[in-house]
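The values are calculated or read from the model by the stated rules, or taken from the named source; none is laboratory data. These numbers were taken from a predicted model, which means no experiment stands behind them. Because the Cβ atoms are built from the backbone with ideal geometry, glycine has one as well, and the counts that use them run over all protein chains shown.
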Amino acid sequence: MRVAVVQPPFTPPVSFSDTFDRADSTNLGPWTETGGDLGIIGRMLAVQGTGAGRRAAIYNTPTSTPYQSVEFTIGTAPNNTAAAGAVLRCNSTMTDMIILSVASTQWALGILRGGINGTFTLMKSQSATITAGTVIRVEVDQDNQWRVYVNGTRSGLGALDATWADDDHRYLGLFVQRYGSTNSAGLRNFNGRDTVPLSVAVFDDFNAVRLGPNWVTSGGGTLYLSDGELCAVGLPSSPVSFAHHTAVLPSDTQIARARIRWHGRSPEHSSLSVAVRANPGVHAGVHFWCTATLMGICIYTLDGVSFKAATGTADYVSTGGAFPDGAVMEIRAEGTVYTASVNSNPLLQGTFTEAQAPLSNHFSGLHGEDDSGVSGGGQPPAALDDFMAAVVV
């Protein structure tokens, strides 16, 4: 069965904003304060008073879902003593929340229990250059994958964490901090909203006799269907074999996924992949490939003979053991940044320039190769099932 659909959001998203561009005041308007004194100073949200600790402003209206996004602008020069940032998945009593804490040289994402000055458990941190005027966005999607963006560019792998993905944790906001005699940066231009679900452009469960007319095959052999799965067993080791879908992905943010079926095999060299940023007949796309022991992000040459690994990644990266049977592998393109995940857990990240992977490429696909016929090539490849390509609009 094959379908090409665009899925609407499962619940109407909401959006809130506040520039804080108004006269100095202790009255924030539609916000509730917690943890200490803060207000509007210099047309931004900022620390008031000399008490130590974080203080947060929580927007009075919750989002429709626990899948949230907060964006803000750093208003004054940040430092590495006192941090400021975003609050997500906060409950109505403001005792539980997840925060993104931003300093001048890094960000840190973590869980707070016991209020804004409670116990902090780190989820992920990343070095970054943060200055006055920097725009920060943090979001968590319907797969509970957390992502951070600095001036619109993906920053670091992010994290997979389902803490408080429930109806009781739908408030969000901002926080500032005073540590010793040092105040954090002030913040401007808050925007909080529900994260819009992916729009699915392609889905194929491969429950057919052969690949349909929406697939274009190329390379060393012809990928085929076997028992309701995409198969590369018996195809050449080199050139590798491609299948690209003809449905256009109408966004620069593109995602491709497929489910791995090992069938008891443990291939060390025979790989399969999912791909985005492709242009059939012109560009093979950016691929996340894996075997039972290795993985990588790469661009294959159109003839399927060679590949180039993404900048920031090695040619071959250990998987640390075969992914679970039925695991979903994913490649996500956001501008020139490419992130590979398995079961929504981000594992690899690298970049290609626009010259290497043009942003005008709007197609998805996959590849397969069978090295078992080559001396030392090991076992035949796994199969792929439930291919999906989607976009963020």
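Rundown of residues vs (1) in contact (Cβ under 8 Å) with a residue 40 or more places away in the chain; (2) under 20 Å from T246 (Cα atoms), yes/no style:
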{"residue": "W262", "(1), (2)": "yes, no"}
{"residue": "P267", "(1), (2)": "yes, no"}
{"residue": "S273", "(1), (2)": "yes, yes"}
{"residue": "T291", "(1), (2)": "yes, no"}
{"residue": "I297", "(1), (2)": "yes, no"}
{"residue": "T311", "(1), (2)": "yes, no"}
{"residue": "S318", "(1), (2)": "no, no"}
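Here is a yes/no grid of residues against (1) among the polar types (S, T, N, Q); (2) in contact with a Cys (Cβ under 6 Å, 6 or more places away or on another chain); (3) without any contact (Cβ under 8 Å) to a residue 24 or more places away in the chain:
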residue	(1), (2), (3)
G42	no, no, no
L45	no, no, no
A56	no, no, no
T63	yes, no, no
P78	no, no, no
T81	yes, no, no
A103	no, no, no
G118	no, no, yes
M123	no, no, no
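Within the stretch 47-68, how many residues are under 33 Å from the mean Cα position of the chain (by Cα) and either more than 19 Å from L172 (Cβ to Cβ) or of a type in the set (S, T, N, Q) (or both)?
8
Restricting the first residue to the stretch 83-101 and requiring it to be within 18 Å of K124 (Cβ to Cβ), which pairs with a second residue that is β-branched (V, I, T) and surrounded by fewer than 22 Cβ atoms within 10 Å (Cβ to Cβ) meet a Cβ separation below 6 Å and a spacing of at least six or different chains?
Final answer for the pair search is I98/I111.
So P8 passes all but one of these: (1) modelled with pLDDT of 95 or more; (2) farther than 20 Å from R147 by Cβ; (3) not β-branched (V, I, T). Which condition number does it fail?
(1)
Would you mind stating whether A333 is surrounded by 22 or more Cβ atoms within 10 Å (Cβ to Cβ) and in contact with a Lys or Arg (Cβ under 6 Å, 6 or more places away or on another chain)?
Yes, satisfied.
Say we look at the stretch 308-330 and pick out the residues that are assigned to a loop (DSSP other than H, G, I, E, B) and β-branched (V, I, T); which of these is farthest from H287 (Cα to Cα)?
T319
Considering each of R259, R265, R277 in turn, give the residue that is surrounded by fewer than 23 Cβ atoms within 10 Å (Cβ to Cβ) and not in a loop (DSSP other than H, G, I, E, B).
R259
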